[in-house]
Amino acid sequence: MGSLKEEIEMGQSNEAIIYINGVRKVLPDGLAHLTLLEYLRDIGLTGTKLGCGEGGCGACTVMVSYVDQNSKRCVHHAINACLAPVYSVEGMHVITVEGVGNRKSGLHPVQEQLARSHGSQCGFCTPGFIMSMYALLRSSHEPPTEEQIEESLAGNLCRCTGYRPIVDAFRVFAKTNDSLYTTESSEGSIEGEIICPSTGKPCSCGVKSSNTSRILCSQEYKPISYSDTNGTAYNEKEFIFPPELLSRKLPYLSLSGFQGLKWYRPTKLQQVLDLKARHPNTKFIVGSSEVGIEMRLKRIQYPVLVSIAHIPELNQLCIKDEGLEIGAAVKLSELMKVLKQVSKDRPTNETSSCRAIIEQLKWFAGTQIRNVASVGGNICTASPISDLNPLWMSTRARFQIIDTMGNVRETLAEKFFKGYRKVDLAANEMLLSVFLPWNQPFEFVKEFKQAHRRDDDIAIVNAGMRVQLKKRNEQWIVSDASIVYGGVAPVSLPSVKTKDFLIDKIWNKELLQGALDVLKKDILLKDDSPGGMIEFRKSLILSFFFKYFLWVCQQMDGQVSFPEKIPASHLSAIQEFQRPSLMGSQEYEIMKHGSSVGAPEVHLSATLQVTGEAEYTDDVQLPLNSLHAALVLSKKPHARIVTIDDSEAKSSPGFAGIFFAKDVPGNNITGPVVADEETFATEYVTCVGQVIGVVVADTHENAKIAARKVHVDYEELPAILSIEEAVQANSFHPSSERSMEKGNVELCFQSGQCDKIIEGEVRVGGQEHFYLEPHTTLIWTLDGGNEVQMISSTQAPQKHQKYVSHVLGLPMSKVVCKTKRIGGGFGGKETRSAFLAGAVAVPAYLLNRPIKITLDRDIDMMITGQRHSFLGKYKVGFKEDGKVLALDLELYNNAGNSLDLSLSIMERAMFHSDNVYDIPNVRINGKVCFTNFPSNTAFRGFGGPQGMLIAENWIHRIAVELKTSPEEIREINFQGEGSVLHYGQKIEHCTLNRLWEELKSSSELKKARKEIETFNLHNRYKKRGIAMVPTKFGISFTTKFMNQAGALVQVYTDGTVLVTHGGVEMGQGLHTKVAQIAASAFDIPLSSVFISETSTDKVPNSSPTAASASSDMYGAAVLDACEQIKTRMEPISSKKNFSSFKELVTACYFERIDLSAHGFFITPDIGFDWKTGKGVPFRYFTYGASFAEVEIDTLTGDFHTRRADVILDLGFSINPAIDIGQIEGGFIQGLGWVALEELKWGDKAHRWIPAGCLLTCGPGNYKIPSVNNIPFKFNVSLLKDAPNVKAIHSSKAVGEPPFFLASSVFFAIKDAIISARSELGRSDWFPLDTPATPERIRMACLDEFTDTIIGPDFHPKISI
């Protein structure tokens, strides 16, 4: 170890300076453990959000500006603040969303455009999108292209909007024709057409109101220009780059952090080597994109961190005669930029390796990660699924390694990786640089990667391949080769035997077949290999090489003596994916009612959300003396608790208390419907993640550390880990079986009425809510503990009030829950947030101190439940013409370890199991399975989508049996006006046929079918498919008493109105619609109406904000209150004409008129009796239909949605812009459910995962749709002239109905697979489980590569 004197001589500094939004900050010593995000939020800059903590969602995006040491220019980058150590931005200027613009000083054009374009719903992700776009503009020398804009947003996730309005909003900054953005732009257009500013062509993304006025889809902004140090070229309020930082020389830093952590930032290579000599186990970091995750999520402790980001020798990019030298600390974004330039400047034959790396980097993480992640960091992490390491190995790259004495040695990349995350570096060595040689003539390098999601995802299998061809005796011979795979072994694995086989062989079909045979034997995957998907990974090994063979043949096409010609139909196998710019339209009519109802108003909180000023629960400033809570959770799926040892936790830093079941003042048993859950487990645990206790400490991190120190001994018991196991064990929740019947199913089957009878099973996977805002509750006592109040992120404040009062033994009148807004819910915050409030209430009450709990993303996903997986067993009888006569259906759902809402979800699945089809004889039985998983819960659609998906599966199978199109089978069986459903309700005001015909016409279904048939005929390995699917969604809570709503309306003497109601704003625009109803009721501007928060002491006994019914119910309750006030005002208003509403209100006040009213609404004419199985559970139905076209890669299972057309009947929309946003967001979320998002649990299907544990518990493993998953063409329209007589202002509910329409993508995928299978003469029915992931798509596309891997009945594994 060196002495303090030596450190001083090295030029050390303990003063760390950063600028944040133009303000100079001196960071004190002791913060090395903090991330930039934690620091920003601690100083009150809460616009930067914590969404996942692993750099996967982009909610924490900020911009950093600094002087690049190589170019000596100021550069601007978007980064993830959740991963960046706070000291890593020393000497930089950090801009957060607060520094871009705000309501008081004015919005930046980026913020203003996103707000105006309806690009913010819940708003939690919005600051991250703002900062990604802002950073792109600041770093662009000229207006960015649309492709650059979409690429810059790939690292940001949104769960609400469906991305289209975000892309549209930002596209204005890529414009090339200013005239398109002015009101004059439409003068020269054809009458009735709108000119789109994105394309300059006529489009329908504008709308026509009833008075035919036009609304342009974008506002006028001028091009954005680049400035190194400031943004005055496009915004006068832009922060300049601090002059101090321009002239300041970066000092050597030696700082510390929690638990003895040491942080160093050397500025010279020798200093790095000296530190390595003194601390052999030091961890080098540049962007901390991997180390941050290791320390935060994997809990790996590194006592010494050395930032090498500013070492000149490690940041060099030198272009030499023999190749490119790349410093180990070079950022991936910088590498990509240089490689692109080199590929332009040098001969094409020299840069095959460069182009391969560029293509691989396109799909490597998001922009924020590439801006900080380094070449050396990625190499030395030695991940077996590294995207770049197979390329370094195959391209003959050489690694320069330096030791602490300054000695440099060189090794081939191929020999550098020694084992799982082990590399050829001694304790005194580090990676200095990478040398990438130029390619020789006829040397071809190609990259491959297949992941669950195309962009920003880890690979399932990847590869780098290279061959060198030389002409010998008029034949092209392989003189050198390298074939390297990732994702098939503990290290990136070169196929040595394949290389040996290829050498000296002629490049022809015989070589191909021989190489494939060698690969099968050389790359072996064991059945129990971590990661699973063994058959899929085996198929990718072969498919990648086949693609490579074809690609090389294409590169050689035209060369003399090269005889291998690729059949035209095979070219699709190697066509590069080029995503076109998003195109879309939104069509609706405006039916105004009063001053505001019917207008496409912007979300009331949009301005607050784009500036980061919108306050969420985790943003609330903590009261003095506050503590933080962390849960003690079960690690076993089923076990008896033997002992609990909390002694180590009690001695943990910052510890303030630990609480178990014995400490509960009231009742430990809770539950939303049936009391079957323990707040704290007592004797037994029944799932991994069950709450055993709660620890409170002075900080969030200290609370988590203490909770991990609680040791629980278990006696393990048998666990039930799937629906199939539950059925076999007869494991069902008590009194949870339901049945309904219409006609006589058995008689129909046995009487010979049916020409055909089919039987089958449908497996439907679950889905994580992935709301961007994790569960959060802040709870405190008042009046010496006599009262309890809380602020919670919940869809059901009344449930929080009820749970807390129950657990504490207090009357509900002494407990208040408030919710201002939540960052997405989708059903996941309806009941599963309440048990958290109950657990945290115990220490808050007993200690009489404020307590806050915010779940980390992995814990949130692990313990709070998901959409229910379902198993459906059907038997269907039908006629030769396709008319369905009988349906016998058994449904099972996976409830988990408590009943929660699972029975109600099963009931709705049963209600919707006919979808839109008239079936004379129906019998449905439903059973709710008890399993040893965390309790599953409500999710958008509430069981309806699962029931409808099962129905569409047997509809599709009938079409296969009868060799006709599914659309024909659907039409033959449509319900219509007067149809009586299997539960006795009569169809009224049915618009199904009308909107179906409109969609058939607008999508040109017949033409589309012919076009894909032609495409599929000429393309062997790419196939397209189409599908058109209808939906009918019942609107009401199926539990009658929940269909009630209250509201409080107060009119003030200045003419403004305050509305409070029982619904929660979670991005769906509820507050905006309700405010519009109030504004129209009083005929005042929308700006005169304000909705503050939802609070149980203002409106009592509210139902959860769910079932798509909130606008109907709370809108009607508010209207009722407004009408009461207007009735009281009428005697005054009738006496004279008042010049303003304010004048009228003042007159009423002087006459002592009550200007406050409580409104109430109950949904009329509904009710259902499960004893008879008959009734009217729904007030009305929302109808819709969608058309989708997809293209799949049959060799990899990759797919993209080329087009989606959606139409819904929403009556006369209260706010068509908000409704369109709900449709788009619901559709994209549904697309995730049917095609992307897969939950993987530790069960018999996934034995490599610990029993009962959730593998997919964060954005790293669980992939929701990103901006690149939007359909290329996304058209949404609302049915015109279809008023709904059964809801307020003739409107209809919108939240849940569009979700299921994404199943059109699923069935289009299946249509494409059918085409692929037909190439082999396979026209038989085959099952396809949801989600239709690349694995399921690929393994269903039978071909010569899968024949040797799987049998005809192979079924990819799924957790249900």
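The values are calculated or read from the model by the stated rules, or taken from the named source; none is laboratory data. If you're wondering where the values come from, they're calculated on a predicted model, not measured in any experiment. So basically every Cβ, Gly included, is an ideal-geometry build from the backbone, and we count neighbours across all protein chains shown. Surface accessibility is based on the protein's heavy atoms, side chains included, excluding ligands, DNA and RNA. Shrake-Rupley method; radii C 1.70, N 1.55, O 1.52, S 1.80 Å.
Derived from the Cα gyration tensor, the three semi-axes of the equivalent ellipsoid of the range 959-1045 are 36, 15, 13 Å, largest first. Straight-distance candidates among the aspartates and glutamates for linking to LYS497, with alpha-carbon spacing under 17 Å and chain neighbours fewer than 8 residues away dropped: GLU414, ASP480, GLU510, ASP517, ASP522. Under 5 Å between amide hydrogens, built in the peptide plane, is the criterion, and for VAL816 it picks out VAL788, GLN789, MET790 among residues at least 5 positions away or on other chains. Ranked by the mean number of other Cβ atoms within 10 Å of their residues, highest first, the peptides 882-894, 290-302 fall in the order 882-894, 290-302. The heavy atoms of LYS756 present about 70 square angstrom of accessible area, all protein chains included, probe 1.4 Å. My understanding is that a pair violates if its Cα-Cα distance is over 23 Å; which of LYS1098/LYS1136; LYS49/LYS72; LYS422/LYS446; LYS72/LYS249 do that in this structure? Those over the limit are LYS1098/LYS1136; LYS49/LYS72; LYS422/LYS446. Working ranking of peptides 686-694, 43-51, 1245-1253 by packing, defined as the average number of other Cβ atoms within 10 Å per residue, highest first, is 686-694, 43-51, 1245-1253. The chain: percent of C-alpha pairs farther apart than 64 Å? Above the 64 Å cut-off, the chain has 9 percent of its Cα pairs.
Under 25 °C and 0.890 mPa s, how fast does the range 1221-1360 diffuse according to Stokes-Einstein, given a Kirkwood radius computed over C-alpha pairs? Answer in µm²/s, whole number. Answer, rounded: 138 µm²/s. Calculated accessible area for the chain comes out at 35 Å² per residue, all protein chains present (probe 1.4 Å; ligands, DNA, RNA ignored). Convex hull volume of the C-alpha atoms in the range 1013-1103, normalised per residue: 208 Å³. Global dimensions of the range 696-855 from alpha-carbon coordinates: Rg and Dmax equal 23.3, 76 Å. For the range 1060-1134, the C-alpha radius of gyration divided by 2.2 N^0.38 Å, with N the number of residues, is 1.14.
Within the straight-line cut-off of under 21 Å between alpha carbons, the lysines reachable from LYS1142 are LYS1126, sequence neighbours fewer than 8 places apart in one chain being disregarded.
Annotation: the antiparallel percentage among DSSP beta bridges lying fully within the range 1038-1133 is about 60. With K and R counted +1 and D and E -1, the other residues having a Cβ less than 14 Å from that of PRO441 yield a net charge of +1. Starting from a Cα-only point model with no solvent, please compute log10 I(q)/I(0) by Debye for the range 95-149 at q = 0.12, 0.22, 0.24, 0.25 1/Å. Ignoring solvent entirely, the Cα scatterers give -0.27, -0.91, -1.05, -1.12. Pairs spanning more than 27 Å between alpha-carbon atoms, out of LYS262/LYS298; LYS565/LYS1357; LYS820/LYS1286: LYS565/LYS1357; LYS820/LYS1286. With the highest mean first, a sort of the peptides 303-312, 645-654 on other beta-carbon atoms found within 10 angstrom per residue produces 303-312, 645-654.
Element breakdown for the chain at a 1.4 angstrom probe: carbon and sulfur atoms account for 51% of the accessible area.
When you work out D = kT/(6 pi eta Rh) for the range 1153-1292 at 25 °C and 0.890 mPa s, using the Kirkwood radius from C-alpha pairs as Rh and the Stokes-Einstein form, the result is 126 µm²/s.
Grouping the Cα pair distances of the range 463-563 into 10 Å bins from zero gives a pair-distance distribution of 15, 48, 26, 10, 2 percent in increasing distance order.
Calculated over the range 42-110, the projected area of the Cα convex hull averaged across directions stands at 5.9 nm². Residue order by solvent-accessible surface for TRP507, TRP1325 is TRP1325, TRP507, largest first, with ligands and nucleic acids left out and a 1.4 Å probe.
Using the Stokes-Einstein relation with a Kirkwood hydrodynamic radius computed over Cα pairs, the translational diffusion coefficient of the range 668-717 at 4 °C and a viscosity of 1.567 mPa s comes to 102 µm²/s. Evaluated at q = 0.17, 0.21, 0.28 Å⁻¹, the base-10 log of the normalised Debye intensity for the range 427-494, with identical point scatterers placed on the Cα atoms, takes the values -0.84, -0.99, -1.14. For the range 713-793, the alpha carbon positions stretch 76, 38, 30 Å along the principal axes, listed from largest to smallest.
Shown here are the Rg and Dmax of the Cα trace of the range 913-955, at 13.0, 39 Å. Across the chain, C-alpha contacts under 8 Å between residues 6 or more apart give a mean separation that, scaled by the residue count, equals a relative contact order of 11 percent. Rounded to the nearest 5, the antiparallel percentage of DSSP beta bridges internal to the chain is 80%. Within straight-line reach of LYS852, meaning a Cα separation under 16 Å, sit the following lysines at least 8 residues removed in sequence or on another chain: LYS704, LYS818.
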